[in-house]
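As structure tokens, the structure follows; a few thoughts come after it.
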Amino acid sequence: MRRRLLFALIGILCLSFAKLSGQNANIKGRVIENISNEAIPFATVIIEGTTQGAVTDIDGYFTIQSVVPGTYNVSVSFIGFKKQVIYEYEATTANPKFLEFRLEEDLENLEAVEITASQFNKTDESPVSMQTINQTEIQRNPGGNRDISRVIQSLPGVATTTSFRNDIIIRGGAPNENRFFLDGVEVPNINHFATQGSSGGPVGMLNVDLIREVDLFTGAFPTNRYNALSSVMEIKQIDGNSEKVSGRATLGSSDLAVSLNGPATKNSTYIVSVRRSYLQFLFSALKLPFLPTYTDYQFKYKWQLNNKNQINVIGLGAFDDFVLNKSVNEGETDPEVLERNNFILNNIPVTEQWNYTLGATYKHFKDHSYQLLVVSRNHLNNTATKYYQNDESSENNLLLRYTSEEIENKVRLENHWQKNNWKMSYGLNYEYANYLNATFNKIPVGDTVQIIDFNSSLNLNKFGAFIQASRSFFSNRLTVSLGLRTDFNDYNNEMMNAAEQMSPRVSASYQLTEKLSISANTGIYYQLPPYTALGYRDQNGSLLNADNGLDYIRAEHFVAGFQLYPSQYTKISIEGFLKKYSQYPFLLRDSISLANLGADFGVIGNEPAVSISKGRSYGLEFLVQQKLQKGFYGILAYTFVISEFQDKKGNFIPSSWDFGNVISLTGGKKFKKNWELGMRWRFTGPAPFTPYNVSTSAIIEVWDVTGTGVLDYNQLNAQRSGASQQLDVRIDKKYYFKNKGLNLYLDIQNIYGYQTQTAPSLNMLSDASGTAIPDPNNPGSYQPYFIENTSGTVLPTLGVIFEF
């Protein structure tokens, strides 16, 4: 009876929505000049594939009325400017987004040559290794879970680990080699439960409802972006609604999000979001041994002082708690479940993190230039505690007590100038950083246990300067860009010499035919080692790694490729790349390069290190991308990569990110009545891993302080897991009615349940309480055995997005 009543209610709701779905939408926006911010009147705005459009008024504004709700490509053209297309704009009766077209001057007479490549994002500074995805592509991505770190896995050059984490592996580089900018403000990490010293985590912090588009640079970084070796991610947020208050509520697989936006004053708008997880309730109901909880917030305030002056204020923050479910074994009799629970309870620490980034940007526009001032502050607080068998009754049981803070205050000043065929940008940046660390940790060293106990405080002044100039020749057929930057700081003598960190870079692109171009880039890039390594002190309080001459990490990039544009909706590209690493931190305690770490929970780099490690990665990328046309869209991305770093003997061996072949195929179809089907299939080659030193791990004193075993770095990355693959499917149904909207979706990850064989876990025979049993035949040791591990399960999600 209850089921019949529920189905009846659902049917009534669907019929009600269907009756209300006849509402039409309006598309509003403005067309302005990219550099001067001046309005462009009488520009033509077209909804491609239809007869609907508009012409901008004297102030550059336009309105296209009576548009049937749905997803469209909207283009703008005007004599003397390059045509611009915003792909897959969702026209909706609820929470409409204001379109802003910033057109770039096109002063050359192209005669018979029409450069259709401009329809896909491509800059003079970065003609290669740059991809752009918009809000619609992010939100609908099958298996992406509305998480930008997962969505970009559909792009070439991007891989990830098989565990439930958001580690981004770009062209064989470590997760800590990526940098993120939100509306021009640097954000150190975009994931909850972040690994300090790296950039990954299991869940993203960003609410995609606030994201307009994302530019991913996997090379050819512009000179105003720094401290990156593998990628730069430019995340651009939408503006608030200037006419009315609107919002969106989203119920996803792991959290509930609510966002509001609207006018703050006559000349300013706001948008704000709050999310709260409910994973802790789900994990408790499933009787899992750990309970993660996270909360995050995100906001943007835009103040248009006048046509020549603009201020943006942004914020992003998170609160993360990871506690143990100590009562999970109550009433449990299954020995396999008890084994799993006890293993996890005995080796995972209790952690708590919070972090935030606050930033403001001020733009001042002139006729041929604009100036940008960026000020920001970010703060990370990270704590972790672990007691032997989780017994907190005695401090003698303490295995780990870690507290650390990273605080950065930043200012950056840029000037961007453009006239005729010249573009130039230059600027300065300064940072004052404070790093605090209090560490007590019992660790195995050989066959014994050592206590690490120190407190550290480090203040750092960091400086940077850059310049970049670009010029087009031969009726825009050839574009050349030259850049130079330097970074230095007062950590030690090695890093204070600005000449040692000179970072030149060159890009060039040539239009062979109307639809075919060839592009290349080479450059040198530097990245500061993590604060965990910079601030490490020995038992005497000495800043050990400063004395060891720890230096900037260096990477030389070489990239070249072809780009073919059969139509303005289609792109085909092939790129070859080579990265040569040097001066990477080599961790002395474990005799391993820091480049092999970063895809696990905890902290990396908190130990003695010297800048002697070298590495290389090289490979080939292939991309076919079809933007939305006649209801179809898709991306085929193939990457072949070899990634190698030196071991302690100086031999090049596979790094932890040497995946070989990575394939991603994403596609979808929009049907009538606002139905949509999307699918994504991914394949990643076998990942290297380091086996355990079983005999050392089984030593009673060693196992009691680790609970997970000790890796045998004499066999660094000598074994491989199985290749991984999965198919994700998503079905969307949208309803549009007066001033409201509803999107229901079903997302199924790994729909055919493929399981990847991953590295086995080492455990010791134990009793029902989880206490390890000594080996009667080997005094002083426990009895080791392996637990086979697989990764991959069917994960269905029923999501609801309500707009109002």
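Annotation for L251 and I407: the two label points, set 7 Å from Cα along the Cα-Cβ direction, are 4.2 nm apart. Here T708 sits with roughly 50 square angstrom of accessible surface, probe radius 1.4 Å. Using the Cβ-Cβ distance between R589 and T333 with R0 set to 60 Å, the FRET efficiency works out to roughly 0.90.
If you take every residue apart from Q583 with its C-beta less than 12 Å away from the C-beta of Q583, what net charge results, scoring Lys and Arg +1 and Asp and Glu -1? With Lys, Arg at +1 and Asp, Glu at -1, the net is -1.
Less than 11 Å Cβ to Cβ from G631, Lys/Arg counted +1 and Asp/Glu -1: what total charge do the surrounding residues give?
Net local charge, G631 excluded: +3.
Only protein heavy atoms count here; on that basis, with a 1.4 Å probe, D124 has an accessible area of about 30 Å². What you get for the chain, charging only the Cβ of Lys and Arg (+1) and of Asp and Glu (-1), is a dipole of about 3060 debye around the Cα centre. Each of V603, N241, S470 was placed along the dipole of the chain (beta-carbon charges, centred on the mean Cα), and the one lying farthest toward the positive end is N241. Of the residues I574, Y633, F586, the one whose Cα sits farthest towards the positive end of the charge dipole of the range 510-659 is Y633 (charges of +1 on Lys and Arg Cβ, -1 on Asp and Glu Cβ, taken about the Cα centre).
Taking 7 Å steps out from each Cα toward its Cβ at F474 and D547 produces label points 5.9 nm apart. Protein heavy-atom accessible surface, 1.4 Å probe, per residue over the chain: 41 Å².
Aspartates and glutamates near K738 by alpha-carbon distance under 14 Å, same-chain residues fewer than 8 away left out - which ones? Here the aspartates and glutamates satisfying the reach criterion relative to K738 are E803.
At a threshold of 8 angstrom on Cα-Cα distance, excluding pairs fewer than six apart, so keeping six or more, what relative contact order does the chain reach in percent?
Rounded, it is 11 percent for the chain.
The lysines within cross-link reach of K423, meaning a Cα-to-Cα straight distance under 25 Å and a gap of 8 or more places when in the same chain, are K82, K83, K122, K236, K308, K363, K366, K515. Computed from the C-beta positions of N121 and N777, the FRET efficiency with R₀ = 51 Å rounds to 0.20.
Computing FRET efficiency as 1/(1 + (r/R0)^6) for N540 and N420, where r is the C-beta to C-beta distance and R0 is 56 Å, gives about 0.35. Each Cα pair under 8 Å and six or more residues apart adds its sequence gap; the mean of these over the residue count of the range 520-586 is a relative contact order of 34 percent. Selection among Y432, L528, Q511 by position relative to the dipole of the range 380-534 gives Q511 as farthest towards the positive end (Cβ unit charges, Cα centre).
To the nearest 10, the accessible area of D239 is 50 Å² with a 1.4 Å probe.
Considering only lysines 8 or more places apart in sequence, or on different chains, count the pairs in the range 536-667 whose C-alpha atoms sit under 14 Å apart. Close lysine pairs found across the range 536-667: 5. Within the accessible area of the chain, the carbon and sulfur atoms contribute 58%, probe 1.4 Å, all protein chains present.
The values are calculated or read from the model by the stated rules, or taken from the named source; none is laboratory data. No experiment lies behind these values; they were computed from the predicted model shown. We place every Cβ from the backbone using ideal geometry, glycine too, and count neighbours over all the protein chains shown. Accessible surface areas use protein heavy atoms only, side chains included; no ligands, DNA or RNA. Shrake-Rupley method; radii C 1.70, N 1.55, O 1.52, S 1.80 Å.
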